[in-house]
Amino acid sequence: MKNNHVLIYITLVLILIACNRNNKTNESSLTNEEQSELENFIPQEAKVKIYFENTLSMDGYINGNTDFKNVLRELLVAVDNEDKVNFDTEFFLVNNKLIKENFGGESIKITEKLNPKSTANKGNKGSSDFEEIIDKVLRNHTEDDITIITADFIYSPKGEPDTPSALSKLKTYTENAFLKATSDYDNLQTRIYWFESSFNGSYYNIDDKGILGINNRPYYYFVVATSSLMKHFEQNIGAKLKKNDSYQSDAFFTTENFDISYNILNSTAANGKLRVNNNGLKIHGYPKQGNLQFTVLLNLKNVPLSNDFLKNPKNYTINNPNFYINKIGVVQNRDIIFDDMTSTKITGADYIPIKNQNFTHAIQFETKGMVKEDLKFSLKKKIPTWVENIHSENDRNILSDSLEQNKTFGFLKLVEGISDAYINRSSDEYYFNIEISIEK
């Protein structure tokens with residue numbers, strides 16, 4: 001399989017390079033279109049390696065017919081029935097040991113045999129050292145793999161009295177593991193899926209005390225793959241998992257930067273006398289009432305982030321202190337549906353020049369007085385707010401605290417380690433940058 005993949009890939013590269021040599025305008029590098037073909041190259045065969053955190057804290061997810069098992073079953077079936085890539089599924093139990101296991105049956109029927117009894121005596125189920133687990137799993141990753149770690153990711157500080165210090169160690173070691181992985185493979189990406197599941201077992205808190213009576217718990221899929229395989233997984237498998245009622249949200253990490261097409265609207269959702277010229281803006285006059293406003297359309301179709309993330313003004317940075325984001329909306333045909341539930345129709349004059357273009361989002365900018373410089377705005381590579389909301393640093397009272405039951409001890413620090421590794425490997429800390437020249 002590997003040799004075939006390499007042969008196909010080398011052939012494609014040689015063809016593209018040969019074609020490129022005939023291009024007199026750019027003899028030294030691939031064109032954008034050819035580069036895109038290489039980046040989107042998907043092997044005909046690949047492996048999906050699923051790692052189940054085989055610890056006592058996970059027994060409650062596999063004890064009986066749980067939501068966790070339902071989603072895992074959907075994953076296994078979706079992978080088995082994928083027709084564009086011939087996936088070979090491998091299932092592992094991971095704790096202090098990495099054990100390949102199919103319980104003597106087909107991969108799609110693993111959930112029928114996955115239970116606390118069948119996973120007993122498979123390594124040390126009292127071990128929940130995520131620094132070692134993640135490092136072990138990533139070292140088992142190859143270029144043609146889609147790696148999936150499924151776990152509750154509750155960090156166990158092992159009796160360390162200084163919780164902040166223990167969590168800092170978790171962050172540092174996680175970052176180190178992902179720095180190594182992103183160094184080994186170009187365009188390696190990570191996506192975290194957050195699910196909720198019915199739970200029938202013991203929860204182990206910061207003191208390693210087993211607690212019964214908690215009926216629902218969050219868990220996560222950490223998916224790691226190169227960009228082309230990640231895109232394929234998200235579009236053809238991840239999208240199916242997101243339809244499950246237990247799915248909550250996701251987070252995405254990449255070293256990639258995106259080129260974004262955009263268009264400034266001359267009169268739609270605007271306030272003031274404006275004229276658009278070559279994606280720049282000339283201000284002819286400020287409004288008599290209210291602040292100057294104008295709206296920019298963006299095509300974010302190929303930016304693989306959740307709509308919640310894209311529509312959150314806090315995820316954007318603006319270099320010009322005279323501007324702020326008033327609101328963000330989605331584009332549906334000629335309508336802009338803003339996040340405050342107001343709707344604006346794109347005027348005919350604005351629509352005619354862009355009717356054959358596909359814009360997905362709209363950002364309305366507003367001024368804080370006279371404009372003194374150009375506008376540059378960027379989408380920051382940051383951790384989604386949901387990760388912060390479900391992070392816990394003290395779960396001792398989890399049984400009596402219903403909010404705490406929906407949180408995960410140490411989770412933010414784990415994700416911060418991943419995020420910092422990707423930002424460290426990136427050319428900059430933004431998904432995209434857009435600069436609009438403004439003539440005063």
Can you say whether Asn312 is under 27 Å from Gln357 (Cβ atoms), modelled with pLDDT of 95 or more and not assigned by TED's automatic domain parsing to the domain that holds Asp144, as far as the supplied structure shows? yes
If you go through Ala239, Ala225, Ala251, the only one that is surrounded by fewer than 17 Cβ atoms within 10 Å (Cβ to Cβ) and within 17 Å of Gln189 (Cβ to Cβ) is Ala239
With Asn81, Asn102 as the choices, which residue is farther than 21 Å from Thr190 by Cβ and under 28 Å from the mean Cα position of the chain (by Cα)? Asn81
For the range 396-434, what are the residues that are acidic (Asp, Glu) and either assigned by TED's automatic domain parsing to the domain that holds Phe199 or within 16 Å of Ile134 (Cβ to Cβ) (or both)? Glu416, Asp420
For the range 274-295, check the following and say yes or no: at least one residue is surrounded by fewer than 17 Cβ atoms within 10 Å (Cβ to Cβ) and in a helix (DSSP H, G or I). no
Here's a check for you: in the range 153-172, which residue that is assigned to a helix (DSSP H, G or I) and crowded, with 18+ Cβ neighbours inside 10 Å is nearest to the chain's Cα centre (by Cα)? Lys171
Segments classed as strands (runs of 3 or more DSSP E), wholly inside the range 37-152, with at least 2 members that are aromatic (Phe, Trp, Tyr) and in the same structural domain as Glu196 (by TED's automatic domain parsing): 45-53, 86-94
Within the range 265-294, count every residue that is among the hydrophobic types (A, V, I, L, M, F, W, C) and either over 17 Å from Glu373 (Cβ atoms) or in contact with a helix residue (DSSP H, G or I) (Cβ under 9 Å, 6 or more places away or on another chain) (or both). 4
All conditions in (1) surrounded by fewer than 21 Cβ atoms within 10 Å (Cβ to Cβ); (2) at pLDDT below 95; (3) in contact with a helix residue (DSSP H, G or I) (Cβ under 9 Å, 6 or more places away or on another chain) are true of Asp208 except (3)
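Considering only residues of the range 216-259 that are of a type in the set (Lys, Arg) and part of a helix (DSSP H, G or I), which is nearest to Phe87 (Cα to Cα)? Break it down stepwise before answering.
Step one: of the range 216-259, the residues of a type in the set (Lys, Arg) are 217, 231, 240, 242-243.
Still in the list and also part of a helix (DSSP H, G or I): 231, 240.
Numbers: Lys231: 15, Lys240: 17 Å.
Filtering first and then ranking leaves Lys231.
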Would you mind listing the helices (runs of 4 or more DSSP H) fully within the range 303-410 where at least 1 residues are within 18 Å of Ala251 (Cα to Cα)? 307-310, 385-389
Sole residue being more than 19 Å from Lys382 (Cα to Cα) and among the hydrophobic types (A, V, I, L, M, F, W, C), chosen from Ile328, Ile318, Ile336: Ile336
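The values are calculated or read from the model by the stated rules, or taken from the named source; none is laboratory data. Predicted, not measured: the structure shown is a model, and the values here were computed from it. Cβ coordinates were reconstructed from backbone atoms using ideal geometry, including for glycine residues, and neighbour counts include every protein chain displayed.
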